[in-house]
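**Q** Let me begin by handing over the structure; questions about it come next.
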Amino acid sequence: MAASAETLTPDKHMVLEDEWTIVLPRRNNQRRKFPKLKSAKQQQEQTHWVPADLETTPEREQKLMKKMQIVIEKLEKSQFFSVFIDQIRSLEASEYFHNRMGTKHKLEMVIYGIGSIESFESPRLQLSLATLMKRKFDWIGEIEVFDPIISLTEKKVLEELGCCVLAVNEQGRRQAVGPTLFFMPHCEAELYDNMLKANWRYENLKQIILFGNSFEKYVQHRSVFRNTALDDSRKHILSVQPFTKEFEICTVLDDYFRAFHGSSWHFFIVDENTNLQVTCENL
Ligand SMILES: C[S@@+](CC[C@H](N)C(=O)[O-])C[C@H]1O[C@@H](n2cnc3c(N)ncnc32)[C@H](O)[C@@H]1O
């Protein structure tokens, strides 16, 4: 099942889609309960974390592991995955991936907001995508994962899949001291904003690759629904968007739409001359 790892070399397969279904980042209609991000003051605190659900059994873990293996296998054989991989390998995108890495050989992957892989299919698909990327590309290094709702069963399965589950709630504030891929599928805007704020200097931003909700869509959404309070919670997203190169993830109306719609790769095109002001006024 495991694909052989490959190095990051541009090839000629350009499979970027020009058209895609525009869906604003939103919660879907499943009955889910996600913890809201905490208040600005609480968000300063990076607290030690242990799973709230500490009940587990070997049977429960095996059942979840089996579920994950089935999803990984299904995703690997899908057209969605082959288009996804071709996009990364495409001449244009692979250059952006390559440039972020500089002279380093590995990119750390930090996964925030994966959700409950035991309860929902979208988090399983999203984790499978990250896992398959690591198997496919030898330039992806360690994978660290955090979501406050992860249960002990999920933690054990994540570890079995080769991920390290963080023991601290960083509130999305990891500093990219080296090339870092933030894999943040369908997270709340505030979590992207926290990540950007923690890295608000060109030296950090230029090392970051972000997989998450389309920043372009946040800007489009803003032009329709003006709301100062909302702008304030997204000010780093709105301010960095003009310096952002985005590659949309191509989803078609099939099993993968729910998990990946409205998602993009983001690269920040900044250098020492970039005026990194945090303001929404001119947007
Ligand atoms: C909208 S849900 C998305 C879940 C999943 N990725 C999906 O698409 O179904 C956002 C997730 O962010 C998580 N989250 C909230 N605060 C977080 C934090 N400080 N660090 C990491 N994840 C966090 C929530 O628990 C929730 O699972």
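The values are calculated or read from the model by the stated rules, or taken from the named source; none is laboratory data. Treat the numbers as computed from the prediction; the structure is a model and nothing was measured. Note that we place each Cβ from the backbone using ideal geometry, even for glycine, and neighbour counts take in every protein chain shown.
**Q** Restricting the first residue to the stretch 261-272 and requiring it to be more than 19 Å from Leu181 (Cβ to Cβ), which pairs with a second residue that is hydroxyl-bearing (Ser, Thr, Tyr) and modelled with pLDDT under 95 meet a Cβ separation below 8 Å and a spacing of at least six or different chains?
**A** His261/Thr21; His261/Thr251
**Q** Working only within the stretch 170-180, note down all residues that are away from the ligand (no atom under 14 Å from the Cβ) and out of contact with any Gly (no Cβ under 9 Å at 6 or more places or on another chain).
**A** Gln175, Ala176, Val177, Thr180
**Q** Follow-up. Residues Val177, Val157: which one is out of contact with any strand residue (DSSP E or B) (no Cβ under 6 Å at 6 or more places or on another chain) and either among the aromatic types (Phe, Trp, Tyr) or closer than 18 Å to Ile117 by Cα (or both)?
**A** Values: Val177 fails: either among the aromatic types (Phe, Trp, Tyr) or closer than 18 Å to Ile117 by Cα (or both).
From the options Val177, Val157, the qualifying one is Val157.
**Q** Pairs under 8 Å by beta carbon, first residue free of Cβ contacts under 8 Å to residues at least 12 places away in the same chain and under 13 Å from Ser214 (Cβ atoms) in the stretch 229-242, partner surrounded by 17 or more Cβ atoms within 10 Å (Cβ to Cβ) and not acidic (Asp, Glu), six or more apart or different chains?
**A** none
**Q** Which one of these does Lys67 not meet: (1) closer than 22 Å to Leu181 by Cα; (2) within 16 Å of the ligand (Cβ to nearest atom); (3) at pLDDT 95 or above?
**A** (1)
**Q** If you scan the stretch 153-197, which residues turn out to be touching a Phe, Trp or Tyr at 6+ places or on another chain (Cβ under 8 Å) and among the polar types (S, T, N, Q)?
**A** Listed by number, the list holds a single entry, Asn169.
Table: residues versus (1) within 16 Å of the ligand (Cβ to nearest atom); (2) touching a Leu at 6+ places or on another chain (Cβ under 7 Å); (3) not aromatic (Phe, Trp, Tyr).
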residue: Met101; (1), (2), (3): no, yes, yes
residue: Ile143; (1), (2), (3): yes, no, yes
residue: Ile149; (1), (2), (3): yes, no, yes
residue: Glu159; (1), (2), (3): no, no, yes
residue: Val168; (1), (2), (3): yes, no, yes
residue: Asn199; (1), (2), (3): yes, yes, yes
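**Q** I'd like to check something: does the stretch 231-253 contain any residue that is basic (Lys, Arg) and more than 22 Å from Ile114 (Cβ to Cβ)?
**A** Scanning the stretch 231-253 turns up at least one residue that is basic (Lys, Arg) and more than 22 Å from Ile114 (Cβ to Cβ).
**Q** Considering Ile237, Ile209, which residue is in a helix (DSSP H, G or I) and within 16 Å of the chain's Cα centre (by Cα)?
**A** So the residue among Ile237, Ile209 that is in a helix (DSSP H, G or I) and within 16 Å of the chain's Cα centre (by Cα) is Ile237.
**Q** Counting only residues that are out of contact with any Leu (no Cβ under 9 Å at 6 or more places or on another chain) and within 9 Å of the ligand (Cβ to nearest atom), how many does the stretch 103-114 have?
**A** Going through the stretch 103-114 one residue at a time, the tally reaches 0.
**Q** Something else about it: For Phe268, which of the numbered conditions (1) surrounded by fewer than 21 Cβ atoms within 10 Å (Cβ to Cβ); (2) farther than 24 Å from Ser116 by Cα fails to hold?
**A** (1)
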